[in-house]
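This is the structure, below, for whatever I ask next.
The values are calculated or read from the model by the stated rules, or taken from the named source; none is laboratory data. These numbers were taken from a predicted model, which means no experiment stands behind them. Here the Cβ positions follow ideal geometry from the backbone for every residue, glycine too, while neighbour counts run over all protein chains shown.
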Amino acid sequence: MAVMTERTHRQPDVARPAVGLAVDIGLRPPSGLITVRVALRAEGTGAAVHQATGLALPGRRQRSAAGDRAALWMAPDELLICVAAEECPAIIEKLEAALAGTPHLVVDMSDAWSVFRLTGNGAREVLAKGAPVDLHGAAFRPGMVRRTHFSRVDAIICQVGEHPDAFDLFCFRSYARYVSECLARFATPGSLPGILDPQ
Amino acid sequence: MSVHGPHRIGVGGRHIDRGAPLRFTFDGKELRGYRGDTLASALLANGQRLVARSYKLHRPRGVMAAGVEEPNAYFGVGRGAGATPNQRATETLLEDGMEVVSQNRFPNLRRDVGAVNAMLSRLLPAGFYYKTFMFPRAAWHRLYEPLIRRAAGMGRAPREADCDSYEQFHLHTDVLVVGAGPTGLAAARAAAAAGARVLLAEQTPWPGGRLLADGVKVEGVDGADWAAAEAEALARLPGVALRFSTLAAALYDHNYALLYERPGAGAPVRRRLWRVRAGQVVLATGAIERPVVFADNDRPGVMLASAARDYLHRWAVAPGTRAVVYTGNDDAYRTALALDAAGLQVACIVDARPAPDGPLVAAARERGIRVLEASGIVAVHGRRAVRAVEIAPVRASGRPGAPCERVECDLVAVSGGWSPTAHLYCHAGGRLRWDSTRAMFLADPDAPPASVGGVAAVHLAGAAAGAFSTHACLATGAAAGGRAAAGKGADAAMPTVPETDEPEEVAAGSVWMAPGRGRGQLGDRHFVDYQHDVTLADLELAAREGYSSVEHAKRYTTLGMAPDQGKVSNVPGHGILAEITGRQLDSSGTTTIRPPYSGISLGAIAGTQSGAQFRAVRTTPPFAWHVAHGADFEPVGDWRRPYCYPRDNESRAEAVAREISGVRRSVGMIDASTLGKLLVSGPDAGVFLDRVYTSMMSTLRPGRCRYGLMCNDAGFLFDDGVVVRLDESTFLCHTTSGGVGRVHAWLETWLQTEWFDLKVFVVNVTEQWAQVAVAGPRAREVLQPVVEGIDISEEALPPLSMVQGVLEGVPTRVFSISFSGELGYEVAVPAGYGASLWESLLQAGTPHGVVAYGTEALHVMRAEKGYIMIGDETDGTVTPIDLGLGWAVSRKKEDFLGMRGMALPHLAAAGRRQLVGLLTEDARTVIPDGACAVGGADGRQIIGHVTSSYHSPTLGRSIAMALVESGRDRMGSVLEFAVARGSRIRARVVRPAFLEDAAGGGDD
C-alpha cells in the first residue's frame, strides 16, 4: 500500500523582493551544480573537464562559460560546474569517466547552493553592503569570481553580465532566507551611496 | 527677507539658505533658523548663550567651538524611538521641526538643582570618588555605585527600540584623503592626476576647511569659492569620489579605515559606516584651536577665536556685540579684524606676548583696535553669560601685575595656539613629539605608523603636519597626494600649486593659562577639561599626589575622558601639567590616542545586524512546516531547530513528554537535516579516517556504518558521529550539527599541512542533503511505503547499515541508525526534496499515530540510553575513556590523533572524573544541570558535576549523568549535590544506561 505524496523539488522559502527595489533581485531556478575536486594544474585536467563539459578551465578567480554552462574557479583544486538541472547526472557521469585516471572527487551539489541574480546598475553597491570585496567597476569585471562573505555568510560572487551589470550571489541553501532578507534591506530605494554606480 | 534671530546679521552666511527658514524647539521653546544652520549656529542666532550644564559641577555653559571639538553643547535630539542623546550641536544640521532638549539639568537649564555641586566644588576634587567611597566596603554595591550611576552620564538613553535604519558599506580605494580643506583638495587632485582611485572624505557638509572663514584668496578668488569649485571639478574626475558629512573615525592596521557618514534629512539610512580598505592614506585633517585656561573661562560667551569668525562668516551669526580677543598668536587677530569689519565692537585684544608684531597685528592697530601686551584675563564677571572681564599685565613670575582694568564685553574670543589633528596618525601607530619652537605636537619622524609592505602608507599634510599657511597646505597636500599615488601608472606632471594671497603670520606662540585674582587664585575655576569639569586645581592636586605622568593624571582627574575625548583640553592639560611639574612637554608626551576619533553611534556599528537580521539564521528544508505546526525553536549554531511542538495549551515539558512517549509507544520523526555531513573520498580515505577517528574505519565494509569519535592531538574528545562507507573509496562522515565547520577545517588542516601525501578529498555536503530520522517500534512500517523500491527488511538493512537507490529520479539513502534506543532509520534525499520527504513520512505515519519530535525529546531519549552529547558530556577536557567509550578506541591501530595524549600519565591516571548515571533519592527532583557533587575528607571538596539532567517520562522519574572522580568505582554509593541556598540533593550512582535496549538497535 503506497501512501506516497508526490516527490516534489522545492526552493527554499525566501523573502519576496519588495516592489521598487533599487536593483532587480531574484532567486535563480534550480540548476545543476557540480563540485569537482581535482588538481587543476595537473596534466590532462583541462582536457578532461573540456571533454566532459565543453568548458575551458577557468583561471584563478575566473569563470569560463560556454552556452549556458559555466565553470567557476573555487580553489587550486576545486571547480564548481554550473549546468542545466536535467543534464546534471549525465555531466557527472562524463566527468567521472574523463577524470578516471586522476585522483578526483565529483559531487552533485545542486541542492546545496541557492543562487540570487542581481541585475541593474546599483547591483555592485547592494553587494558592497555585505561583502568586503573590491567591487569597483575597474576591479570587478564580467567573468570574475570571488569566494567571500556576504553579511557574515559564506558566499560566492560572480559577475555574469554588464550593461546592465548582472551578478550571481551563491550562498548555502540554509542561509537563503536570511540572505534574501539582507538583499531586500540593502536594496532599499534611495539607500545606495552612488559611489560604485554613479546615479 | 526676514532675519531669523536677534543675533543674525542681515547679509552673508555662506552656508545658510535664507529662502528656507526652519522651525525647531529648544527645551520646548519655539525658535527659528535656516537650512544650512547647525544646531549651534541656530541657537547662537537666537541669542541662546546658555545651552548646557557641565557634567560634574553643573556650571552654566555656552557654545565654545564650531566643529567636532565642541565640549559643551551636547543635546538630546528627537523624541520617542527616534530620540538620540549626546548630539553635538556643532555637527548636527538643523532640520525642520527638530525637537532639541538640553541635558544634565533639573528642573531646567536656568535653574538647575545640581548647580549646588558648583558651590561644593572644593569638596569634589579629583580623586574624590577613590578617596570617599572606599568605606565601608559593602556600601559600594548597595549605596555608592547606584547613586553615582544615577548622577552619571550625559544624556538619557531612549527606552524604545531605535526606529532608524543603519548600514555599512565596504569600499576599496587606492588613496583615502581625509579632510577637504585646501590640503585635502590639493592631495586628491594630485593623487587623481597620478591615476589613483581616490576617496575624499570630509566630516562637514562643506569643502574648504579654514578657507570658509579666513578670507584667504586662492587663484585670485575668495578661498571658499575656490574650494567649492575645486570640489565640484574633482567630483567630475573619473576615479574620484567625494563624501561630505563623513567623519574618519578610525584608522587601523593595513589602512583599514572606518568612516562615519551622516546622510541628510529624509535619507532612508540615518547613519552609514564605511569600511574602507585604502592602499594609501593622506591625512589632511587640519588643526584644532586651543582655549586659554583662566578663572571662570567656562562662562557662556567665552569662545574659540576661530569659532567666532566661523559663526560670523559661515552662518551670519554675531557671537557677541562687544568682544575681547585673548591670544598668544597672530591668527586670532583675524577674528578681531572680522568682527570689526562686520560692525561689531572689539573692545581690545589681550596678547600674552610682550611685543606682538607682524602684518595681522599691524592691521588691527591700523583699525584702531587696542592691543594690550603681555597681559591676561584674570577674572570674568557674569554668571550665566560673560558681562565683563578684568585684564592685568602678567609678570614673568606668572603673577598678575597692576593696573587691573575692567572691560565690559559679552564675547571673549580666545586662542591659546593650535594643535595639529593627528589622531588617525596615532591610531595607525604613529607617535607625536612636542615641537617647543612651534608649540605643537608634530609627527615624530622616528616613530611613523606601520608601513604596508615596507612602504610608508599614512601621510600627514597641511595643518595636521604643522603647515599652517594656505600656500603651505596646498603645497604639502599636493606633495602627499602625489606620494600616495606613486606607482599608479600615470606620469602626469604634478598639478601646479595654486597662487594664494594671505598675510604672513609670525610662528604661533602658545599661552596656556592666566593667573586669577582673589578667589580665582585657587585654580578651581580655571577649567581645563570643560566637559568633565577638570580644573587647574585638579591637575595641581594630581601632581602633588604623585600622579604627574600624563597617563596617571588623566585617570586621576578624568582629563580628556569625556565624550569629546579632550579635543580642546588634552594638550592644554598636558602643557599645564608640564609647567606645574617643571618638565618639558617633549619629555612628558601625550596620552595614548585611540579610535574612534569622535563618537560614532552604536546603531552604525550594528549596521543591518538588527531585527530579523540580528544574526545569520539557517533553516532546514521543512522549516515552513515546523513554523506552521507551532514549533518552539532553539538555536543550534546558526540553525533554528524545533525544540518541541507544543499543541494547544501544552507547556514545553508536556510537549516533550508527549513526543517521547509517542516515539517509545509507536513512532516519531525528527528533522535531522542539520547533522553535519562530510564526504571523504580517495584511494587513501580509509587510511586517513583511521588516523582521525579513534576507531578503525578502514575495515568497514561498503554499506555499513560505525559510530566514531574524534579526539584532538591532546587526547580530548571533540566530535562524534556515524561514519558510513558508501563505496570502496568513499566515506560519509556524520558530525554534530554545530561541529561540522570545525571538523572540516580540522581534516583540511591535517591533509594540507601534514599528510599531503594522502590522496583524499573532503567536501562538506551538509547542505546537499535533507535528513529525517524515523524512530520507534513501528518505524519500518512507516518508512517502507515511502521508500518503496528500496528493500529495508531486517535482512537487507540490519542495524548500522545503509542502502541507497534512486526513487523516481531522486537519490535516496536509508541508514539504520538509532539515537533513541528504538528501532530507527534515517532517510536522506537532496535538500530540495526534503520538505516533500517530511510530508510523505507524516502521511505514511498518520495511521500509526506518528509524532514529530524536537531536539529536547531527542536529548532525553539519548540520556535514557546513556548516550553522550558533545558539549554536554564533553567540555574539551574529557577523553573517550573518561566517558566509558573505550570500546570505540582502537587498540589495534598503530597511531591515531589523540592516542599519544590519552597515554600521557595524567590522562591515564586513576582518579579522573568518569561518566556515571545518577538516580535522585527523590524521583521527582531533577538535579540542576551543572550542579557540583561534593565530598572528600571534609565533605566540601568538589568531586564532580552533572553533565545532563532530565525528567524521563519513560521511566517516570528524574535521571542524570555526571562526571565524578573515580565514578566507576562508586556504583551504588550516594553522592550529595550542592544546589542553591545551601541545600543538597542526594543521588545514587548507577551505570549510565537507564533504559535497557528496546530493539537492540543502537549499541555497537
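State all residues of the range B:316-343 that are of a type in the set (A, V, I, L, M), out of contact with any helix residue (DSSP H, G or I) (no Cβ under 6 Å at 6 or more places or on another chain) and touching a residue at least 60 places away in the same chain (Cβ under 8 Å); if no residue qualifies, say none.
Of everything in the range B:316-343, those that are of a type in the set (A, V, I, L, M), out of contact with any helix residue (DSSP H, G or I) (no Cβ under 6 Å at 6 or more places or on another chain) and touching a residue at least 60 places away in the same chain (Cβ under 8 Å) turn out to be B:Ala316, B:Ala318, B:Val324, B:Leu339.
Is it the case that some residue within the range B:315-326 is in contact with a Gly (Cβ under 9 Å, 6 or more places away or on another chain) and more than 24 Å from B:Val11 (Cα to Cα)?
yes
Answer yes or no as to whether A:Lys129 is away from chain B (no Cβ under 12 Å), touching a helix residue (DSSP H, G or I) at 6+ places or on another chain (Cβ under 6 Å), over 21 Å from A:Pro76 (Cβ atoms) and of a type outside the set (A, V, I, L, M). Give the derivation first.
Working: away from chain B (no Cβ under 12 Å): no; touching a helix residue (DSSP H, G or I) at 6+ places or on another chain (Cβ under 6 Å): yes; over 21 Å from A:Pro76 (Cβ atoms): yes; of a type outside the set (A, V, I, L, M): yes.
For A:Lys129, the condition - away from chain B (no Cβ under 12 Å), touching a helix residue (DSSP H, G or I) at 6+ places or on another chain (Cβ under 6 Å), over 21 Å from A:Pro76 (Cβ atoms) and of a type outside the set (A, V, I, L, M) - is not met.
Which strands (runs of 3 or more DSSP E) sit wholly inside the range B:1-95 and have at least 1 residues that are within 23 Å of B:Leu344 (Cα to Cα)?
Working: elements: B:17-26, B:29-35, B:74-77, B:84-88.
Result: B:17-26, B:29-35.
Tell me, yes or no, whether the range A:163-172 has at least one residue that is at pLDDT 95 or above and at the interface with another protein chain (Cβ under 10 Å from one of its Cβ atoms).
yes
Consider only pairs whose beta carbons are under 7 Å apart and that are at least six residues apart or on different chains; among these, list those whose first residue lies in the range B:835-852 and is more than 9 Å from every other protein chain (Cβ to nearest Cβ) and at positive phi and whose second residue is surrounded by fewer than 21 Cβ atoms within 10 Å (Cβ to Cβ) and assigned to a loop (DSSP other than H, G, I, E, B).
Partner pairs satisfying both residue conditions: B:Gly849/B:Ser666.
Specify the residue that is surrounded by the fewest Cβ atoms within 10 Å (Cβ to Cβ); the eligible residues are those in the range A:139-181 that are among the charged types (D, E, K, R) and touching a helix residue (DSSP H, G or I) at 6+ places or on another chain (Cβ under 7 Å).
A:Glu181
Right, another one. Just for strands (runs of 3 or more DSSP E) wholly inside the range B:730-782: which have at least 3 residues that are within 14 Å of another protein chain (Cβ to nearest Cβ) and under 43 Å from the mean Cα position of the chain (by Cα)? Break it down stepwise before answering.
Details: elements: B:730-735, B:761-764, B:769-775.
Strands (runs of 3 or more DSSP E) meeting the threshold: B:761-764, B:769-775.
Among the residues of the range B:811-834, what is the count of those that are among the polar types (S, T, N, Q) and either in contact with a Phe, Trp or Tyr (Cβ under 6 Å, 6 or more places away or on another chain) or facing another protein chain (nearest Cβ under 7 Å) (or both)?
Going through the range B:811-834, the residues among the polar types (S, T, N, Q) turn out to be B:812, B:816, B:818, B:820.
Next, from what is left, pick out any that are either in contact with a Phe, Trp or Tyr (Cβ under 6 Å, 6 or more places away or on another chain) or facing another protein chain (nearest Cβ under 7 Å) (or both): B:816.
Number satisfying all stated conditions: 1.
Let me ask something else. For the range A:30-46, how many residues meet the condition of being out of contact with any strand residue (DSSP E or B) (no Cβ under 8 Å at 6 or more places or on another chain) and either assigned to a strand (DSSP E or B) or touching a residue at least 12 places away in the same chain (Cβ under 8 Å) (or both)?
Let us first name the residues in the range A:30-46 that are out of contact with any strand residue (DSSP E or B) (no Cβ under 8 Å at 6 or more places or on another chain), namely A:30, A:39, A:41-46.
From the residues that got through so far, the ones that are either assigned to a strand (DSSP E or B) or touching a residue at least 12 places away in the same chain (Cβ under 8 Å) (or both) too are A:30, A:39, A:41-42, A:44-45.
Number satisfying all stated conditions: 6.
Quick one: in the range B:246-271, of everything that is touching a residue at least 60 places away in the same chain (Cβ under 8 Å), of a type in the set (Gly, Ala, Ser) and not in a strand (DSSP E or B), which residue is surrounded by the most Cβ atoms within 10 Å (Cβ to Cβ)?
Looking at the filtered set, the residue picked out is B:Ala265.
Another question, then. Could you figure out which of (1) within 33 Å of the chain's Cα centre (by Cα); (2) over 26 Å from B:Gln48 (Cα atoms); (3) at pLDDT below 70 isn't true of B:Ala152?
Going through (1) within 33 Å of the chain's Cα centre (by Cα); (2) over 26 Å from B:Gln48 (Cα atoms); (3) at pLDDT below 70 one by one, B:Ala152 breaks only (2).
How about the range B:637-696: which strands (runs of 3 or more DSSP E) wholly inside it have at least 3 residues that are within 14 Å of another protein chain (Cβ to nearest Cβ) and within 25 Å of A:Asp108 (Cβ to Cβ)?
Values: elements: B:639-644, B:668-671, B:676-681.
Hits in the range B:637-696: B:676-681.
Take the residues of the range B:370-410 that are part of a loop (DSSP other than H, G, I, E, B) and touching a Leu at 6+ places or on another chain (Cβ under 8 Å): which is surrounded by the most Cβ atoms within 10 Å (Cβ to Cβ)?
Kept after step one, since they are part of a loop (DSSP other than H, G, I, E, B), are these residues of the range B:370-410: B:370, B:373-374, B:382-387, B:395-399, B:401-404, B:409-410.
From what is left, the residues that are touching a Leu at 6+ places or on another chain (Cβ under 8 Å) are B:384-386.
Working: B:Arg384: 15, B:Ala385: 17, B:Val386: 27.
Among those that are part of a loop (DSSP other than H, G, I, E, B) and touching a Leu at 6+ places or on another chain (Cβ under 8 Å), it is B:Val386.
What number of residues within the range B:224-245 satisfy the criterion of being free of Cβ contacts under 8 Å to residues at least 24 places away in the same chain and within 14 Å of another protein chain (Cβ to nearest Cβ)? Let's see the steps before the verdict.
Kept after step one, since they are free of Cβ contacts under 8 Å to residues at least 24 places away in the same chain, are these residues of the range B:224-245: B:225, B:228-229, B:232-233, B:235-236, B:238.
Then keep just the ones that are within 14 Å of another protein chain (Cβ to nearest Cβ); that gives B:235-236, B:238.
Selection size over the range B:224-245: 3.
With respect to A:Ala184, is the statement that it is more than 8 Å from chain B (Cβ to nearest Cβ), crowded, with 17+ Cβ neighbours inside 10 Å, among the small types (Gly, Ala, Ser) and not in a strand (DSSP E or B) true?
yes
Report whether or not A:Leu33 is within 14 Å of chain B (Cβ to nearest Cβ) and crowded, with 16+ Cβ neighbours inside 10 Å. Give the derivation first.
Details: within 14 Å of chain B (Cβ to nearest Cβ): yes; crowded, with 16+ Cβ neighbours inside 10 Å: yes.
When the stated conditions are applied, A:Leu33 passes them.
Tell me which helices (runs of 4 or more DSSP H) are completely within the range B:555-609 and hold 1 or more residues being more than 14 Å from chain A (Cβ to nearest Cβ) and under 17 Å from B:Asp538 (Cα atoms), or say none if there are none.
Working: elements: B:570-581, B:585-588, B:602-606.
So the answer is B:570-581.
Let me ask another. With respect to B:Pro785, determine if the residue is touching a Pro at 6+ places or on another chain (Cβ under 8 Å) and surrounded by fewer than 18 Cβ atoms within 10 Å (Cβ to Cβ).
Values: touching a Pro at 6+ places or on another chain (Cβ under 8 Å): no; surrounded by fewer than 18 Cβ atoms within 10 Å (Cβ to Cβ): yes.
Spelling it out, it is not the case that B:Pro785 is touching a Pro at 6+ places or on another chain (Cβ under 8 Å) and surrounded by fewer than 18 Cβ atoms within 10 Å (Cβ to Cβ).
Look at B:Phe718 and say whether it is of a type in the set (Phe, Trp, Tyr), more than 14 Å from chain A (Cβ to nearest Cβ) and either buried (at least 19 other Cβ atoms within 10 Å of the Cβ) or not in a strand (DSSP E or B) (or both). I'd like the intermediate steps shown before the answer.
On the way: of a type in the set (Phe, Trp, Tyr): yes; more than 14 Å from chain A (Cβ to nearest Cβ): yes; either buried (at least 19 other Cβ atoms within 10 Å of the Cβ) or not in a strand (DSSP E or B) (or both): yes.
It is true that B:Phe718 is of a type in the set (Phe, Trp, Tyr), more than 14 Å from chain A (Cβ to nearest Cβ) and either buried (at least 19 other Cβ atoms within 10 Å of the Cβ) or not in a strand (DSSP E or B) (or both).
Any idea which of (1) more than 10 Å from chain B (Cβ to nearest Cβ); (2) more than 11 Å from the chain's Cα centre (by Cα) is the one A:Ala176 doesn't satisfy?
Here A:Ala176 meets the rest and fails (1).
Among the listed residues B:Thr947, B:Thr925, identify the single one that is modelled with pLDDT of 95 or more, under 42 Å from the mean Cα position of the chain (by Cα), hydroxyl-bearing (Ser, Thr, Tyr) and within 24 Å of B:Glu856 (Cα to Cα). Spell out the reasoning first.
Numbers: B:Thr925 fails: under 42 Å from the mean Cα position of the chain (by Cα).
The conditions single out B:Thr947.
Going through the range B:799-812 one residue at a time, which ones are over 15 Å from B:Val774 (Cα atoms), part of a loop (DSSP other than H, G, I, E, B) and either modelled with pLDDT of 95 or more or among the acidic types (Asp, Glu) (or both)?
Once the filter is applied, which keeps residues that are over 15 Å from B:Val774 (Cα atoms), part of a loop (DSSP other than H, G, I, E, B) and either modelled with pLDDT of 95 or more or among the acidic types (Asp, Glu) (or both), the range B:799-812 yields only B:Glu808.
Can you say whether B:Pro785 is at the interface with chain A (Cβ under 10 Å from one of its Cβ atoms), in contact (Cβ under 8 Å) with a residue 40 or more places away in the chain, not in a loop (DSSP other than H, G, I, E, B) and not β-branched (Val, Ile, Thr), as far as the supplied structure shows? Even if it seems obvious, please write down each step before you answer.
On the way: at the interface with chain A (Cβ under 10 Å from one of its Cβ atoms): yes; in contact (Cβ under 8 Å) with a residue 40 or more places away in the chain: yes; not in a loop (DSSP other than H, G, I, E, B): yes; not β-branched (Val, Ile, Thr): yes.
So B:Pro785 fits the description; yes.
Among the residues of the range A:73-95, is any in a loop (DSSP other than H, G, I, E, B) and more than 14 Å from every other protein chain (Cβ to nearest Cβ)?
Of the residues in the range A:73-95, the ones in a loop (DSSP other than H, G, I, E, B) are A:76-77, A:84.
Add one more test, that the residue is more than 14 Å from every other protein chain (Cβ to nearest Cβ), and what stays is A:84.
The answer is yes; a qualifying residue exists.
I'm trying to understand the selection: among the residues of the range B:169-203, which are surrounded by fewer than 23 Cβ atoms within 10 Å (Cβ to Cβ) and part of a strand (DSSP E or B)? Don't jump to the end; show me each part of the working.
So the first thing to find is which residues in the range B:169-203 are surrounded by fewer than 23 Cβ atoms within 10 Å (Cβ to Cβ), and the list is B:170, B:172, B:174, B:193, B:195.
Result: B:His170, B:His172, B:Asp174.
Which members of the range B:211-223 meet the condition of being surrounded by fewer than 24 Cβ atoms within 10 Å (Cβ to Cβ) and in contact (Cβ under 8 Å) with a residue 60 or more places away in the chain?
Here is the first cut: in the range B:211-223, the residues surrounded by fewer than 24 Cβ atoms within 10 Å (Cβ to Cβ) are B:212, B:214-217, B:219-222.
Result: B:Leu212, B:Asp214, B:Gly215, B:Val216, B:Lys217, B:Glu219, B:Gly220.
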